[in-house]
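The values are calculated or read from the model by the stated rules, or taken from the named source; none is laboratory data. A quick note: this is a predicted structure, and the numbers were derived from the prediction, not measured. All Cβ positions, glycine included, derive from the backbone under ideal geometry; neighbour counts span all protein chains shown. For accessibility, only protein heavy atoms count, side chains too; no ligands or nucleic acids. Shrake-Rupley method; radii C 1.70, N 1.55, O 1.52, S 1.80 Å.
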Amino acid sequence: MPSNQSTDICIVGGGPAGMVLGLLLASRGIKVTVLESHKNFDREYRGEVLMPRFIQMMKQVGLFDHLMKYPHLKLKNFELFWKDQPLVTVSIANLSNDAPFALWMPQPILLNALWDKAKAYPNFQILFGAMVRDVIRENGKIVGVIVEQEGEKFEIRSSVVVGADGRSSIVRKSADFEFEYESYDFDVIWFTVKHPVGYENTVRAFFSSRHRYLVLPKYPDSVQCGLIVPKGDFLRFRQRGIEAIRSELLDGHPVMHEFARGLKDFNDFNVLQARVSYVRKWAQDGCLLVGDAAHTCSPAGAIGVSVAVATAIVAADVLVKAFAKKDFSENVLSEVQEKRGQDVKRIQHIQSQFTSVFFLRYPHLQWLSKFGIMLAAKTGLLRRLQRELMVMQKPLPIESEISL
Ligand SMILES: Cc1cc2nc3c(=O)[nH]c(=O)nc-3n(C[C@H](O)[C@H](O)[C@H](O)COP(=O)(O)OP(=O)(O)OC[C@H]3O[C@@H](n4cnc5c(N)ncnc54)[C@H](O)[C@@H]3O)c2cc1C
């Protein structure tokens with residue numbers, strides 16, 4: 001039977017940001033409780049491509065060698081096609097010396113790897129099936145959360161509550177954090193098919209005047225396809241029925257045809273809304289937002305996990321200092337945003353430029369994307385955007401000894 005508890009820090013959400021933060025703080029002797037609403041880490045289509053910037057930051061905090069013990073694929077190239085014809089190949093391998101590849105590592109593998117490491121610390125606990133319903137505010141300060149587990153409600157009190165609960169964050173809503181901006185441009189409709197030989201380590205994007213889709217290798221022997229469609233199109237497909245999306249897929253790359261022919265309903269699809277958001281202030285007295293809860297990136301460049309985890313690592317550094325001073329005021333916690341806010345906005349801006357090159361925001365001008373891509377490749381713009389999105393230009397600004 002769940003009962004009221006207290007801890008040093010309560011992290012709401014066991015996604016990549018919450019787990020990295022929890023692990024780094026536990027390694028510094030802080031008593032950590034992570035609350036995860038799901039019963040385990042099994043989840044699909046969530047941040048499975050991890051770009052070189054993720055590898056760089058894992059090296060910076062000493063987690064890279066540990067992660068490499070778990071199943072993964074190394075991705076070396078990004079190939080762009082116009083219909084079936086190769087248009088441009090951009091190498092991921094020579095973007096940075098310290099991270100000459102991207103990784104395919106599904107989130108269940110990544111999160112279990114982080115948990116395996118965290119189990120070494122008796123001061124780390126994670127509660128699964130623990131849904132946070134509200135924050136507890138006393139004298140203007142956040143002092144804990146109300147959790148529901150197995151149908152029972154109880155309180156967890158802590159010096160700090162961290163909202164690492166993703167793009168629909170309950171901590172953000174119940175603690176009245178406000179967005180500075182939020183927008184939504186397009187949808188990606190994901191599904192998985194068995195892969196033909198030769199798909200192991202290349203990310204492919206196919207364009208035509210009617211289609212845009214991604215074909216990504218997926219560990220161990222599938223490809224993950226993502227149709228990029230104007231916002232709301234998935235709903236329109238649903239209204240038009242299964243034949244409408246079947247003929248859309250049959251019109252595309254042969255790799256999708258067998259899947260299309262076998263389609264019975266919409267359950268095999270998973271939709272990612274390309275939402276971009278930024279919370280005006282990430283900290284209040286006793287409370288901090290990190291990861292997608294504070295800032296959501298567009299899917300351009302597949303860097304959502306990297307950006308979320310970068311904020312978590314900087315937050316770990318700031319929180320270690322806050323625990324040393326026993327000061328959890330907004331003033332102290334807002335150092336996380338001071339150090340990360342500009343970088344997040346810059347990345348979101350570059351993603352918006354990237355989106356323009358591919359005309360994703362203007363579906364009626366899609367036919368122009370061939371010229372946009374070729375021009376961007378010829379002038380070096382594509383390479384610059386790729387480098388700025390996928391690689392960290394300098395190490396994360398952490399001062400204390402945040403490494404494992
Ligand atoms: C379909 C899809 C594909 C994507 N592909 C990529 C990709 O290839 N590469 C990439 O880098 N990024 C990708 N992203 C983005 C990436 O998944 C996110 O940016 C990243 O997971 C954010 O990490 P996070 O820890 O901040 O939040 P999340 O991963 O969203 O984790 C939040 C956690 O909080 C839990 N939670 C939520 N509410 C509560 C509550 N009330 N109580 C307790 N727990 C709660 C959730 O169950 C979840 O486990 C993709 C996203 C989607 C949706």
Of the candidates L389, L368, L375, L396, the one satisfying the condition of being surrounded by 15 or more Cβ atoms within 10 Å (Cβ to Cβ) and modelled with pLDDT under 90 is L389
Selection over the stretch 298-310 where residues are among the hydrophobic types (A, V, I, L, M, F, W, C) and more than 8 Å from the ligand (Cβ to nearest atom) yields a count of 2
Check: In the stretch 33-41, is there at least one residue being over 16 Å from E155 (Cα atoms) and crowded, with 17+ Cβ neighbours inside 10 Å?
Finding: yes
Requiring at least 1 residues that are aliphatic (A, V, I, L, M) and either out of contact with any Ser or Thr (no Cβ under 9 Å at 6 or more places or on another chain) or within 12 Å of the ligand (Cβ to nearest atom) (or both), the strands (runs of 3 or more DSSP E) wholly within the stretch 1-91 are 5-12, 32-36, 73-75, 85-91
Scanning the stretch 311-342 for residues that are touching a Pro at 6+ places or on another chain (Cβ under 8 Å) and not charged (D, E, K, R), the one surrounded by the fewest Cβ atoms within 10 Å (Cβ to Cβ) turns out to be V314
Of R157, R210, the only residue that is surrounded by fewer than 18 Cβ atoms within 10 Å (Cβ to Cβ), in contact with a Cys (Cβ under 9 Å, 6 or more places away or on another chain) and either of a type in the set (D, E, K, R) or farther than 30 Å from F237 by Cα (or both) is R157
Conditions (1) within 16 Å of the ligand (Cβ to nearest atom); (2) within 22 Å of F186 (Cβ to Cβ); (3) in contact with a Ser or Thr (Cβ under 8 Å, 6 or more places away or on another chain) -> S352 fails only (1)
Here the residues within the stretch 165-194 that are under 17 Å from I11 (Cβ atoms), open to solvent by 10 Å² or more (accessible area, probe 1.4 Å) and hydrophobic (A, V, I, L, M, F, W, C) are I170, F177
Per the list (1) modelled with pLDDT of 85 or more; (2) open to solvent by less than 40 Å² (accessible area, probe 1.4 Å), residue check on R238 breaks on (2)
Filtering the stretch 318-347 for residues that are farther than 12 Å from A283 by Cβ, of a type in the set (D, E, K, R) and under 19 Å from the mean Cα position of the chain (by Cα) leaves a count of 3
(Q) Being modelled with pLDDT of 90 or more, closer than 30 Å to E148 by Cβ and touching a Leu at 6+ places or on another chain (Cβ under 7 Å) is the requirement here; does L114 meet it? (A) yes
Scanning the stretch 145-164 for residues that are small (G, A, S), over 24 Å from the mean Cα position of the chain (by Cα) and in a strand (DSSP E or B) gives S158, S159
Selection from the stretch 325-352 of residues acidic (D, E) and in a helix (DSSP H, G or I) yields E330, E335, E338, D343
Within the stretch 135-145, the count of residues that are closer than 22 Å to S168 by Cβ and either in contact with a Leu (Cβ under 7 Å, 6 or more places away or on another chain) or open to solvent by less than 50 Å² (accessible area, probe 1.4 Å) (or both) comes to 5
Scanning the stretch 179-224 residue by residue, those under 23 Å from L50 (Cβ atoms), among the small types (G, A, S) and modelled with pLDDT under 80 turn out to be G198
Of the candidates V162, V132, the one satisfying the condition of being within 10 Å of the ligand (Cβ to nearest atom), at pLDDT 95 or above and in contact with a Leu (Cβ under 6 Å, 6 or more places away or on another chain) is V132
Taking the conditions exactly as written (under 30 Å from G144 (Cβ atoms) and modelled with pLDDT under 90), does P2 satisfy them or not?
yes
Condition set within 20 Å of F206 (Cβ to Cβ), open to solvent by 10 Å² or more (accessible area, probe 1.4 Å) and in contact (Cβ under 8 Å) with a residue 60 or more places away in the chain, scope the stretch 254-297, selection nearest to the ligand (Cβ to nearest atom): answer is L272
